[in-house]
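Written below as structure tokens is the structure these notes are about.
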């Protein structure tokens with residue numbers, strides 16, 4: 001049966017004390033709303049409608065992606081008048097004969113499996129609710145059941161009697177309406193309550209009056225109903241995602257030095273016998289092949305790392321490709337477009353940008369290599385700089401196979417160092433260096449016998 005999904009994302013997030021709308025607050029490197037979008041893609045809904053404020057529509061449109069290539073519809077809620085009002089804003093766009101699944105933009109962890117269960121219940125002409133039993137239900141609407149254990153109503157926390165406040169079964173705010181029912185019940189909503197708002201939960205009472213079965217589903221994990229409204233809750237949500245990611249990695253055979261000190265803010269794919277030390281952050285899509293070790297305090301983003309490669313401590317790798325049996329770091333930085341071929345090395349405090357380092361070549365320490373192609377088995381000495389920028393344009397440096405660049409060399413691009421060439425330490429090279437020859441450039445050393453070091457004046 002066809003499904004319309006309505007996501008309520010008009011929350012301003014005032015308690016977040018942020019200019020960013022609540023639904024765009026990040027968790028594990030991804031907006032809360034994006035987590036929901038990703039969860040519904042496998043469901044293949046007929047339409048997806050996002051209810052947002054006029055002030056933030058464009059910001060939300062720019063921030064999220066929808067990978068199934070289906071159009072996202074946006075409708076505006078001009079005034080924050082409750083969840084019922086928000087869904088009513090979407091009803092002109094909703095196909096009346098569809099199941100209507102309502103999601104909350106600040107409840108980001110609900111799973112595809114859980115949502116599918118709600119849709120299946122609604123397809124049987126039930127009003128489907130996602131409920132949970134929690135130890136501290138403060139702030140949540142309570143599920144009211146009759147003596148037959150049937151759901152008859154939901155009472156918002158502010159409206160609860162003392163007896164109702166003691167109920168621990170809560171409403172998550174996520175529900176699925178059977179076809180041809182949502183619009184009908186929404187027209188009956190009233191704002192005669194403590195907040196003066198239109199409560200979506202009042203539709204439960206309408207359904208009960210009409211004899212519609214109200215089916216409650218429980219999530220597999222209690223975290224699925226976790227709402228994020230404050231920075232404290234956002235931090236708690238980060239911990240949830242961190243623990244989930246760590247558990248998944250360890251189930252796949254990855255060794256973590258400390259499961260509580262890893263951050264996966266995207267997609268991390270690992271081969272066998274991978275070891276990850278403490279305080280490593282993964283962003284975007286990262287792939288670690290068999291036998292990779294990652295040292296502590298590194299940040300790795302959108303990078304593929306080959307078999308048996310070692311990433312030592314405090315490295316920053318972004319949009320790089322690293323081959324098998326390489327060594328990177330410590331304190332190395334690989335910027336976008338960097339590629340290390342098999343058995344090459346980028347060592348201490350080395351920065352590489354948009355360059356290829358050939359098989360078995362070494363850039364051991366304290367060097368900058370930018371816009372360069374380095375052949376195989378070359379050696380780039382300490383403190384080497386490729387001078388690739390003239391203030392307006394970037395230029396290429398080519399270093400041939402088996403070349404040896406001495407320490408403290410400046411290679412002024414565009415320039416080519418031919419195969420087997422040796423560049424003497426301390427040289428500034430501006431012209432092509434020929435094959436298998438020593439090339440150097442130095443001023444004659446001299447000592448000034450009459451020079452005296454200035455002394456600091458003593459203040460009287």
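The values are calculated or read from the model by the stated rules, or taken from the named source; none is laboratory data. Given the structure is predicted, the values throughout are model-derived calculations rather than measurements. Glycine gets a Cβ as well: all are built from the backbone with ideal geometry, and neighbour counts include every protein chain shown.
Things worth noting here:
- Cross-chain or 6+ apart pairs with Cβ under 8 Å, the stretch 221-248 first and under 14 Å from residue 262 (Cα atoms), then in a helix (DSSP H, G or I): 240/223; 244/223
- Those residues of the stretch 363-382 which are within 35 Å of the chain's Cα centre (by Cα) and surrounded by fewer than 19 Cβ atoms within 10 Å (Cβ to Cβ), in sequence order: 364, 366, 371, 373
- Looking only at the stretch 311-339, residues that are in a strand (DSSP E or B) and under 20 Å from residue 376 (Cβ atoms) come to 6 in all.
- In the stretch 60-175, counting only strands (runs of 3 or more DSSP E) that sit wholly within it, the ones holding 1 or more residues that are surrounded by fewer than 17 Cβ atoms within 10 Å (Cβ to Cβ) span 72-76, 127-133, 142-145, 151-155.
- All of (1) surrounded by 19 or more Cβ atoms within 10 Å (Cβ to Cβ); (2) modelled with pLDDT of 95 or more hold for residue 272 with one exception: (1).
- For the stretch 296-306, the count of residues that are at pLDDT 95 or above and more than 21 Å from the chain's Cα centre (by Cα) is nonzero.
- Test: residue in the stretch 340-361 that is assigned by TED's automatic domain parsing to the domain that holds residue 315, outside any loop (DSSP other than H, G, I, E, B), modelled with pLDDT of 95 or more and under 13 Å from residue 409 (Cα atoms): no
- Leading residue by the ranking (nearest to residue 95 (Cα to Cα)) among those in the stretch 14-50 that are part of a loop (DSSP other than H, G, I, E, B) and under 20 Å from the mean Cα position of the chain (by Cα): 21
- Among the residues of the stretch 362-378, those that are in a loop (DSSP other than H, G, I, E, B) and without any contact (Cβ under 8 Å) to a residue 24 or more places away in the chain comprise 366, 367.
- Filter pass, residue 225 being more than 28 Å from residue 21 (Cβ to Cβ), surrounded by 14 or more Cβ atoms within 10 Å (Cβ to Cβ) and touching a strand residue (DSSP E or B) at 6+ places or on another chain (Cβ under 8 Å): no
- Test: residue 398 is assigned by TED's automatic domain parsing to the domain that holds residue 328, assigned to a strand (DSSP E or B), more than 20 Å from residue 325 (Cα to Cα) and modelled with pLDDT of 95 or more: yes
- Subset of the stretch 317-333 that is within 20 Å of the chain's Cα centre (by Cα) and crowded, with 18+ Cβ neighbours inside 10 Å - its residue that is nearest to residue 279 (Cα to Cα): 317
- Residue tally, condition part of a loop (DSSP other than H, G, I, E, B) and closer than 22 Å to residue 158 by Cα, over the stretch 185-216: 14
- All of (1) more than 19 Å from residue 353 (Cβ to Cβ); (2) under 43 Å from the mean Cα position of the chain (by Cα) hold for residue 385 with one exception: (1).
- The residue pairs whose first member lies in the stretch 150-169 and is free of Cβ contacts under 8 Å to residues at least 12 places away in the same chain and at negative phi, whose second member is buried (at least 17 other Cβ atoms within 10 Å of the Cβ) and assigned to a loop (DSSP other than H, G, I, E, B), and whose beta carbons are closer than 8 Å, counting only pairs six or more residues apart or on different chains, do not exist in this structure.
- Condition check for residue 237: at negative phi, outside the structural domain of residue 35 (by TED's automatic domain parsing) and either touching a helix residue (DSSP H, G or I) at 6+ places or on another chain (Cβ under 6 Å) or in a helix (DSSP H, G or I) (or both): yes
- The residues in the stretch 235-252 that are within 20 Å of residue 295 (Cα to Cα) and in contact with a strand residue (DSSP E or B) (Cβ under 8 Å, 6 or more places away or on another chain) can be counted, and the count is 6.
- Of all residues making up the stretch 86-115, the number that are more than 21 Å from the chain's Cα centre (by Cα) and over 12 Å from residue 5 (Cβ atoms): 9
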